[in-house]
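Colleague: There's a structure below that I have some questions on.
The values are calculated or read from the model by the stated rules, or taken from the named source; none is laboratory data. This structure is a prediction, so every number in the text was calculated from the model and none was measured. No Cβ is skipped: glycine too gets one built from the backbone with ideal geometry, and neighbour counts run over all protein chains shown. Side chains are part of the model used for accessible areas, which takes the heavy atoms of the whole protein and leaves out ligands, DNA and RNA. Shrake-Rupley method; radii C 1.70, N 1.55, O 1.52, S 1.80 Å.
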Amino acid sequence: MKRGIVAHKKLFTGLGLGLAAALALTGCTGSSDDGTVTLQMVESLTNPARTDVIKGLISDFEAENPDIKVELISPPTDQADQKIQQMLQSGSGVDVLEVRDITVGPFATNGWLHNMSDELADWSGWENLTDNAAKYAKNADGETFYVPYGFYGLSLFYRTDLVEEAGFDGPPASWDDLLEQASAIQDPGKNQFGYAFRGGTNGNSNVVVAIEAYLADQIDEDNAFKLTDGSTIFAAPEARDALKTYFSIFEEASPPSSVAWGYPEMVEAFSNGSTAFLLQDPEVIATVGQSEAIGADQWNTAPLLTGPTGKAIQPMATAGWGTAEASEHKEEAAKLIAFLSEGEASTTFAEQNSLVPILKDAAESEFYKTGAWASYVTMNENPDTYITAVQPRDSAWWTEWIQKSDSELQQVLIGQMTQEELLESWDAYWVEKWKNE
Amino acid sequence: MQQKVTDSVERPSADAGAPVALHGSTATRRRRSFTVRKGLAILAFLAPAIVFVTVFIYYPMISGSQMAFRNWNLTNLTDTSWVGLKNFEAIFADPVFYTVLWNTVVWVFGSIIPQFVIGFAIALWLRRRFRFRGLYQALIFFPWAISGFLIGILFRWMFNSEFGVINDLLSKVGLIDTPIPWLADPGSAMVAVTIANVWYGVTFFAIMILAALQSVPEELFEAGSLDGAGKARMLFQITIPYIRVTLGLTVLLRVIWIFNFPDIIWAMTGGGPANQTHIMTTWMIKTTQRGDYGQASAIGLIVVAILIVFSAFYLLAMREKKEVNS
């Protein structure tokens, strides 16, 4: 009997220790006895260099706020948003998180994001935010679910030497110019191609940019998939002209395999010197800068391509920092977000990650006026030509749209669908979605 | 009869109220209390495994399965009500489902037949004794240690039309004049992903068949040789019948495995172009990406149902063949 009691004691001791260990592991977020608060911060668009920058900024923040510690979690990019969703759903383990314009909608709908309006009501940083940053930091109801840290905007990367050799004075300004120049440069026999066409993942984005350029005068700037008359951009006759030019660029000036090209293939094609033009975000500036195949004097960037109206629509993509609704340290979280969204920290983050900055004074710094960044200055200085408009990326069905449009774009490229059918399908999709809103 | 009484005494359930317990000796009670303790100890030792399997396998499985009957979309979890078979109806109504189903059949059998034949040949070759056999074995088995996703990324670049090594080699040996857009054409994309999978999976068959071959007694070959049987006859009348069960189970395992193996396709084509290389599991991943866990879970249940039916027929066919042979 005594032996039995001893055995039971051992069993319960073991269970108790296990439980204590489990509690210790799950209870690692929160306050300690000395009053230090530990914040759990999760990033989404992870890459090693970027993580180092964030860690450096966190160190600066901790030095300024000795009673707050920040633990950074960096899941691999491909799984990051799903990981963040799981953390938010479980209601623990995250205080500050990276919120993207495509995740803010579902996260807020599910009640996972905290409206930081109260915590940031007296924040002095509002005054120095650019108009775009201020616009994205508050939704239509005036709620602040995230503060953007920067913007991704498109520009045309081009090969200065190939353009000159082909007899052109400068880079293409419009989609029609691009077709002309890229076709002239294309020479598959020499493994030289005109345009790094995006037919694979996210291929829909560039088609839409082309369509928007053809309709720049009629676009609803608050919803760039809509015209001012309320119809979709896909129903307009100009959309057909845009597609004709766009698919001609594929047929006459792009590698046939680009049906399957996503981001890595496009950037590789430009960086290895085989392709003359690439439409991409500024983050590619750093990648191309490291290329051993093309020198700094062989490439540059040009402003976004215009349509027949002489105007282009810049679809800004963004992400920022937000607070989890389940966080027990919302004040401290807001303090960290305010720190990252102003002054040196914000400028450093934008520059190191090749982002269009959120601060007015940062946009005026020398960094953004030289080299490949000069085209962004041109676009910023000509807002009537390069019109900034908001795509409905925060819709709950945005990912569904991406999958549908990518798949149908490929169907056109491999001859399973006509251009007219594509436009009809996209028009019907958005009309149906907006009807049910 | 005596035996029966002893049995009932030793059974832990025959305790209070049982006639034997009431009239049993002290020795019998000692034996019984020892048995109860022993039973508890066994239960205590088993408990972690039972808890682990329940919490980490059965609970997620059941929890995941019930999503298939709910409106479970991550983009809006404010309404996760029961929707009956709606998710299944949506899947069966989608024409892509039938393309995906056919692709899965092509993917499984297009991969498994070459894997089996080449794996068998390698296993037969490695069974012979020769210098550096261990080194060759290690080199051949090495790919199995690499992640399927990484294999997919490597093959994606190898099959790249303009910068890939495969078109380069084909061009240098004069087999092609213009580059083949491997991953851009639906037909060639399916061929490309299958080639990558064959390369990856041959190793598994080689390992399993080699292990089975090493269990065949040498005496059988010696007897066959004395009877004048040639190499082919010994292969078909001694080797294969002897390892038939292992071969059968290995093929079954591989069918299930390949059916559930999205890594290579996901990394190489993402199911494209235009859904033409999607198999059931890549399609399921794509569905989760748009947050529709309800429909993804329904696809998962369809996969399970197909594999259960296939396995049942396969095992039945194997048993019938065994009975015919015996």
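Colleague: Regarding B:Ile302, is this residue part of a helix (DSSP H, G or I), within 14 Å of another protein chain (Cβ to nearest Cβ) and surrounded by fewer than 21 Cβ atoms within 10 Å (Cβ to Cβ)? I'd like the intermediate steps shown before the answer.
Modeller: Working: part of a helix (DSSP H, G or I): yes; within 14 Å of another protein chain (Cβ to nearest Cβ): no; surrounded by fewer than 21 Cβ atoms within 10 Å (Cβ to Cβ): yes.
The answer is no for B:Ile302.
Colleague: Out of curiosity, is A:Thr51 touching a Pro at 6+ places or on another chain (Cβ under 9 Å) and of a type in the set (Val, Ile, Thr)?
Modeller: no
Colleague: So which residues in segment A:372-427 are within 11 Å of chain B (Cβ to nearest Cβ), in a helix (DSSP H, G or I) and more than 19 Å from the chain's Cα centre (by Cα)?
Modeller: A:Lys404, A:Ser407, A:Glu408, A:Leu409, A:Gln410, A:Gln411, A:Val412, A:Leu413
Colleague: What is the residue count in segment A:219-256 for residues that are out of contact with any helix residue (DSSP H, G or I) (no Cβ under 8 Å at 6 or more places or on another chain) and either more than 20 Å from A:Ser425 (Cα to Cα) or in a helix (DSSP H, G or I) (or both)?
Modeller: Here the count works out to 7.
Colleague: Let me ask another. Return yes or no: is A:Phe234 farther than 19 Å from A:Tyr386 by Cβ and open to solvent by less than 10 Å² (accessible area, probe 1.4 Å)?
Modeller: Against the criterion (farther than 19 Å from A:Tyr386 by Cβ and open to solvent by less than 10 Å² (accessible area, probe 1.4 Å)), A:Phe234 qualifies.
Colleague: Please count how many residues of segment B:69-100 are of a type in the set (Phe, Trp, Tyr) and surrounded by fewer than 16 Cβ atoms within 10 Å (Cβ to Cβ).
Modeller: Final tally of qualifying residues: 3.
Colleague: OK, next. Would you confirm, using the coordinates I've provided, whether A:Ser254 is of a type outside the set (D, E, K, R), open to solvent by less than 10 Å² (accessible area, probe 1.4 Å) and either over 24 Å from the mean Cα position of the chain (by Cα) or more than 14 Å from chain B (Cβ to nearest Cβ) (or both)? Spell out how you get there, then give the answer.
Modeller: Details: of a type outside the set (D, E, K, R): yes; open to solvent by less than 10 Å² (accessible area, probe 1.4 Å): yes; either over 24 Å from the mean Cα position of the chain (by Cα) or more than 14 Å from chain B (Cβ to nearest Cβ) (or both): yes.
Yes: the conditions hold for A:Ser254.
Colleague: Contact list please: Cβ distance under 9 Å, first residue in segment A:189-215 and within 14 Å of chain B (Cβ to nearest Cβ) and in a helix (DSSP H, G or I), second residue open to solvent by less than 10 Å² (accessible area, probe 1.4 Å) and of a type in the set (Phe, Trp, Tyr), pairs at least six apart or on different chains.
Modeller: Qualifying pairs under 9 Å: A:Asn204/A:Trp401; A:Asn204/A:Trp426.
Colleague: Tell me which of these A:Ser354 doesn't satisfy, since it passes every other one: (1) assigned to a helix (DSSP H, G or I); (2) more than 14 Å from chain B (Cβ to nearest Cβ); (3) surrounded by fewer than 19 Cβ atoms within 10 Å (Cβ to Cβ).
Modeller: (1)
Colleague: Return a yes/no flag: does segment A:89-99 have any residue that is closer than 22 Å to A:Lys360 by Cβ, touching a residue at least 40 places away in the same chain (Cβ under 8 Å) and open to solvent by 10 Å² or more (accessible area, probe 1.4 Å).
Modeller: No, because not a single residue in segment A:89-99 is closer than 22 Å to A:Lys360 by Cβ, touching a residue at least 40 places away in the same chain (Cβ under 8 Å) and open to solvent by 10 Å² or more (accessible area, probe 1.4 Å).
Colleague: Would you mention how many residues in segment B:264-299 are within 23 Å of B:Ile146 (Cα to Cα) and either within 13 Å of chain A (Cβ to nearest Cβ) or among the charged types (D, E, K, R) (or both)?
Modeller: 11
Colleague: Of A:Val377, A:Val390, which residue is open to solvent by 20 Å² or more (accessible area, probe 1.4 Å) and under 25 Å from A:Arg198 (Cα atoms)?
Modeller: Details: A:Val377 fails: under 25 Å from A:Arg198 (Cα atoms).
The conditions single out A:Val390.
Colleague: Would you be able to say whether some residue in segment A:166-188 is touching a residue at least 24 places away in the same chain (Cβ under 8 Å) and within 14 Å of another protein chain (Cβ to nearest Cβ)?
Modeller: Yes, the conditions are met somewhere in segment A:166-188.
Colleague: Can you say whether B:Gly187 is within 14 Å of another protein chain (Cβ to nearest Cβ), open to solvent by 40 Å² or more (accessible area, probe 1.4 Å) and either more than 19 Å from A:Glu265 (Cβ to Cβ) or not in a helix (DSSP H, G or I) (or both), as far as the supplied structure shows?
Modeller: yes
Colleague: Right, here's the next one. Give B:Ala49, B:Ala44, B:Ala27 a once-over and let me know the one that is at pLDDT 90 or above, assigned to a helix (DSSP H, G or I) and loosely packed, with under 10 Cβ neighbours inside 10 Å.
Modeller: Among B:Ala49, B:Ala44, B:Ala27, only B:Ala49 is at pLDDT 90 or above, assigned to a helix (DSSP H, G or I) and loosely packed, with under 10 Cβ neighbours inside 10 Å.
Colleague: Here is a further query. Which residues, counting only those in segment B:122-141, are touching a helix residue (DSSP H, G or I) at 6+ places or on another chain (Cβ under 9 Å) and either modelled with pLDDT under 85 or within 30 Å of A:Phe197 (Cα to Cα) (or both)?
Modeller: Kept after step one, since they are touching a helix residue (DSSP H, G or I) at 6+ places or on another chain (Cβ under 9 Å), are these residues of segment B:122-141: B:122-127, B:130, B:133, B:136-137, B:140-141.
Within segment B:122-141, B:Phe130, B:Arg133, B:Tyr136, B:Gln137, B:Ile140, B:Phe141 meet the criteria.
Colleague: Determine whether A:Gly125 is of a type outside the set (Phe, Trp, Tyr), within 30 Å of A:Ser274 (Cα to Cα) and open to solvent by less than 10 Å² (accessible area, probe 1.4 Å). Step through it out loud before you land on a result.
Modeller: Numbers: of a type outside the set (Phe, Trp, Tyr): yes; within 30 Å of A:Ser274 (Cα to Cα): no; open to solvent by less than 10 Å² (accessible area, probe 1.4 Å): yes.
Judged against the criteria, A:Gly125 is not a match.
Colleague: Looking only at segment A:275-301, which residues are at pLDDT 95 or above and in contact with a Phe, Trp or Tyr (Cβ under 6 Å, 6 or more places away or on another chain)?
Modeller: A:Thr275, A:Phe277, A:Leu278, A:Thr301
Colleague: Which fully enclosed helices (runs of 4 or more DSSP H) of segment B:215-289 have 1 or more residues being of a type outside the set (S, T, N, Q), open to solvent by 60 Å² or more (accessible area, probe 1.4 Å) and without any contact (Cβ under 8 Å) to a residue 12 or more places away in the chain?
Modeller: Passing ranges, in order: B:218-226, B:231-234, B:240-259.
Colleague: Out of curiosity, is A:Ser346 out of contact with any Gly (no Cβ under 7 Å at 6 or more places or on another chain), of a type in the set (S, T, N, Q), outside the structural domain of A:Val207 (by TED's automatic domain parsing) and at pLDDT 90 or above?
Modeller: Answer is yes for this residue.
Colleague: Which residues, taken from segment A:201-222, are under 20 Å from B:Asp185 (Cβ atoms) and open to solvent by 10 Å² or more (accessible area, probe 1.4 Å)? Step through it out loud before you land on a result.
Modeller: Taking segment A:201-222 and keeping what is under 20 Å from B:Asp185 (Cβ atoms), we get A:201, A:203.
Within segment A:201-222, A:Thr201 is the sole residue that qualifies.
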